[in-house]
Amino acid sequence: AFFVDIKVGSNSNPVTNLFGLSFVLNFTNTNYIDVVSPYNTNIVQGPFLGNDVVFYSSVDEAAGKVSIGISRKAGQGGVSGSGVVVRVKFIAKSNTPNGMQVKFSISDIIANDPNGNTITLTPSGLIITINSMVVWPGDTDNNGQVNQADVLPIGLCWNKTGPPRPNASISWVAQPATPWVPESCTYADANGDGIVNQADVLPIGLNWGRSHSSSSSQVSGVMPTGADIFSGNLNLKINGKGNPGELFWIEIYAEGVTDLFGISFELVYNPTTYVQAESVESGAWFGDDLVFFPNIDNTLGKVSVGISRKAGQGGISGSGLIARIKMKMAANAPMGYKTNLTLQNVQANDPMGNSISFDLGQGIIVTEVKSGTDTHLPAHFQLFENYPNPFNPETIITYEIPKPTVVQLDIFNLLGKHIYSLVNHKPQQAGKYRVKWNGRDQYGQPVPGGMYIYQLKAGDFIQARKMVLLR
């Protein structure tokens, strides 16, 4: 919001014996500029004519007019000099184009002294430029809703900096912000601290599923509006049999993709009577230094996932595992029970923010409960993204080994100092393992918040990933 003060006189040309005044304040661009309501507390008299006055105001928003009358009372006498007679509070709507100019002018002026004689006042105009935007924390693509697609702008704007928001919070309220360069990254700074990083994922989780009606098609989000780039296929594959009481994995593969930087999607499964999603992991093919945010809703039967590389890393081409979702079939699931799994709401982009369109060649599959056991063993060594990440107070680290070997899983800080051994030189059979870390060191003491490295050594295989502990 901002104020427009109507002032009479000046030091070089003071008004003499002013008793009463009426005028119309005109303003342009009424589609974007409003007088703040309630009007009786946001159109107020200034100090020049005193506090004991007769005051009237009316507003015609559509016409861009504020009509005002103000007068001292009989017996008080006039006032000479210069000062503010009226103050009006305006607000620019959240879809106001940055840099838009608003012109203010005064017309229909009538002024008089205590005897009713006319005082001639010459009006001047005012032009202001709107240089602020409005951010809803978590709606990083500024499309009016918070969902998995809001991970993608964070990756595109990673580590970019700009002006922090004044009195920033991550609560679901519209917050004024000074535009960044590029302007679209203003929204990616979801927590308003002046830098785009892992902390900006938190408002997405906090405000997940919320929406607002003030998104702008004129103030663009991160995604350019050019033509889609077609690049490859996106397929679902089932790993495991999904028999009663057993786990199975739904794997999402990209095939023949070019320059993929970020992707978001929803996996919908129905009916939900006997099947539930348990966790989501990013695939190693997409990289290990990622912005990654999953959301599981077993009531609706929906897993929402957003994954993005970080600015400066470039895109990735070829074919590989994007993510895998661990599912569990209920122990009482009847033979012949079928679950439909569908990919939907897929959005993807290249490093420039151009949209990538996928052909969902195998986007719908059906899994059926049958007799028998799941004999699947991992085909490769793999260390997965911890979940949740960022986390507080604990997180789960998952890894796979395709053959019996000795395993070491360690936590280090960014200086390379050893913090804790989750698995210490332990022989393990081929399979998939999940280990919990509670954010404590080898002495049982809580470690400070920050970024940590977890490293898997299994035979000759070594892989490390980053995770963020929030305190």
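The values are calculated or read from the model by the stated rules, or taken from the named source; none is laboratory data. Everything numeric here is computed off the predicted structure, so don't read it as measured data. Here Cβ is always computed from backbone atoms with ideal geometry, including for glycine, and neighbour counts include all displayed protein chains.
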> Considering the range 184-214 alone, what residues qualify as being at pLDDT below 90 and of a type in the set (A, V, I, L, M)?
Replying inline: A199, V201, L202, I204, L206
> Given R465, R471, which one is within 21 Å of N389 (Cβ to Cβ) and modelled with pLDDT under 90?
Replying inline: R471
> Does S105 meet the test of being among the polar types (S, T, N, Q), surrounded by 13 or more Cβ atoms within 10 Å (Cβ to Cβ) and over 30 Å from I204 (Cβ atoms)?
Replying inline: yes
> Where in the range 19-134 are the strands (runs of 3 or more DSSP E), entirely inside, with at least 2 residues that are under 33 Å from the mean Cα position of the chain (by Cα) and under 25 Å from P176 (Cα atoms)?
Replying inline: 33-35, 83-92, 101-112, 126-129
> Which of the residues spanning the range 91-110 are modelled with pLDDT of 90 or more and of a type outside the set (D, E, K, R)?
Replying inline: V102, F104, S105, I106, S107, I109, I110
> Quick one: in the range 216-225, which of the residues that are under 28 Å from I252 (Cβ atoms) and in contact with an Asp or Glu (Cβ under 9 Å, 6 or more places away or on another chain) is modelled with the lowest pLDDT?
Replying inline: G221
>> Taking the criterion of being at pLDDT 85 or above, within 20 Å of I356 (Cα to Cα), aromatic (F, W, Y) and in the same structural domain as T342 (by the TED database), would at least one residue in the range 226-249 satisfy it?
In response: no
> Does the range 283-302 contain any residue that is within 21 Å of A254 (Cβ to Cβ) and in contact with a helix residue (DSSP H, G or I) (Cβ under 6 Å, 6 or more places away or on another chain)?
Replying inline: yes
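So that you can scan it fast, the table gives a plain yes or no per residue for (1) assigned by the TED database to the domain that holds I109; (2) modelled with pLDDT of 95 or more; (3) within 15 Å of V88 (Cβ to Cβ):
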| position | (1), (2), (3) |
| --- | --- |
| Q45 | yes, no, yes |
| G50 | yes, no, no |
| I68 | yes, yes, yes |
| S71 | yes, yes, no |
>> Looking at the range 119-129, can you tell me whether even one residue there is touching a residue at least 40 places away in the same chain (Cβ under 8 Å) and within 22 Å of V36 (Cβ to Cβ)?
In response: yes
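Residue by residue, here is whether (1) surrounded by 15 or more Cβ atoms within 10 Å (Cβ to Cβ); (2) under 16 Å from T186 (Cβ atoms); (3) touching a helix residue (DSSP H, G or I) at 6+ places or on another chain (Cβ under 7 Å) holds:
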| residue | (1), (2), (3) |
| --- | --- |
| G116 | no, no, no |
| S124 | no, no, no |
| G138 | yes, yes, yes |
| N142 | yes, yes, yes |
| Q145 | yes, no, no |
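Condition check ((1) aliphatic (A, V, I, L, M); (2) outside the structural domain of M335 (by the TED database); (3) out of contact with any Asp or Glu (no Cβ under 7 Å at 6 or more places or on another chain)) across all residues:
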| residue | (1), (2), (3) |
| --- | --- |
| I396 | yes, yes, yes |
| S421 | no, yes, no |
| Y433 | no, yes, yes |
| Q445 | no, yes, yes |
